[in-house]
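Chemist: First the structure, then my questions, so here it is.
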Amino acid sequence: MNIKDLSKKSLDFTVKRIAEFTGILLVVLSILLFIALASYYPNDPNFIYSDPNAKIRNILGFNGSFVSDLFFQSIGLVSILVSLSIFFTGINLFRIKNFLLIIENLFYTVLYSILGSLFLSTFYPDAFSPINICNTLHSSDCNGNGGFIGKFLQESFLSNLINLDKEI
């Protein structure tokens, strides 16, 4: 048997199994992220306020509370779409076995996270309930539906471009 042919087949087999394992891992991580985001409660201990006596209501415990608060405070409600993007990236990676899907989907996920958080900060700053709950406890640290990235972008020149339509 040809050693070169055998090594090529074993390398292809290994790469395909690694792609399948990575796809399954991405699907599991996205499901855990979605569960953490769905069971988010602002009074849970998180990376800003960690009260050791507080009862944690997040299904995944302190880790879920920490991760969900990090996502909601940074990019807002767009974080739910991020978990769905990771889920479908994992499924496509399992099916197609092309690692370039991860890079491509990461690029588009970052792009729509930035634009989505800017959109939500501009047009729906406090309209939805998961983030609106945080006004009851720490109103100064609540970043609204677009997160602090949306707030930052809203204070930049991009809000002038958005408001230009209103002026015209």
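Chemist: Just to be sure I understand: with springs between alpha-carbon atoms less than 10 Å apart, which residue in 112, 41, 49 has the highest mean-square fluctuation in the Gaussian network model of the chain?
Modeler: Of 112, 41, 49, the Gaussian network model singles out 49 as fluctuating most.
Chemist: Still on this structure, I have one more. Accessible area per residue for the range 1-68 in Å², computed with a 1.4 Å probe and the full protein assembly in place, what is it?
Modeler: Accessible surface, normalised per residue, equals 69 Å².
Chemist: Out of these labelled values of Rg and Dmax of the Cα atoms in Å, [x] 22.4, 79; [y] 20.4, 75; [z] 15.8, 47, which was calculated from the coordinates shown here?
Modeler: [y]
Chemist: List the lysines whose alpha-carbon lies under 20 Å from that of residue 97, not counting same-chain residues fewer than 8 positions away?
Modeler: List returned: 8, 9, 16.
Chemist: Leaving out same-chain residues fewer than 8 places away, which aspartates and glutamates sit with a Cα under 14 Å from that of residue 151?
Modeler: Correct list for residue 151: 126, 141.
Chemist: Build a GNM of the chain with springs between Cα atoms under 10 Å: which of 117, 39, 50 gets the top mean-square fluctuation?
Modeler: 50
Chemist: Follow-up. Please quote Rg/Rh for the range 10-76 to two decimal places, taking the Kirkwood radius as Rh and restricting both calculations to Cα atoms.
Modeler: Working: Rg = 16.3 Å, Rh = 13.4 Å.
Result: Rg/Rh = 1.22.
Chemist: Relative contact order for the chain: what is it in percent, counting Cα pairs under 8 Å that are at least 6 residues apart? Each step should come with its number before you reach the end.
Modeler: Values: 212 pairs, mean separation 41.7, N = 168.
After rounding, I find 25 percent.
Chemist: Could I ask something else about it? Name the residue farthest towards the positive end of the dipole of the range 1-85 from the options 78, 31, 10, assuming +1 on Cβ of Lys and Arg, -1 on Cβ of Asp and Glu, about the Cα centre.
Modeler: Positive-end residue among those listed: 10.
Chemist: Please identify the helices of the chain, taking whole runs of DSSP H, that span at least 24 Å along their own axis as judged from the Cα atoms and have a mean Kyte-Doolittle score of -0.5 or higher. Present the calculation step by step, with values, prior to reporting the outcome.
Modeler: Working: long enough: 3-38 (52 Å, 1.24); 78-96 (26 Å, 1.83); 100-123 (34 Å, 1.62).
Going by DSSP H runs, the hits are 3-38, 78-96, 100-123.
Chemist: Out of the total accessible area of the chain (probe 1.4 Å, heavy atoms of protein only), what percent is carbon and sulfur?
Modeler: Working: 7260 of 10660 Å².
About 68 percent, which is the carbon plus sulfur part of the accessible surface.
Chemist: For the range 70-130, what is the accessible area per residue in Å², given a 1.4 Å probe and the full set of protein chains?
Modeler: Numbers: 3420 Å² over 61 residues.
I get 56 Å² per residue for this part.
The values are calculated or read from the model by the stated rules, or taken from the named source; none is laboratory data. Computed from a prediction, not measured in an experiment: that's the story for all the values here. Using ideal geometry, Cβ is built from the backbone for each residue, glycine included, and neighbour counts are taken over all protein chains shown. Remember, those area values only see protein heavy atoms, side chains included, never the ligands or the DNA or RNA. Shrake-Rupley method; radii C 1.70, N 1.55, O 1.52, S 1.80 Å.
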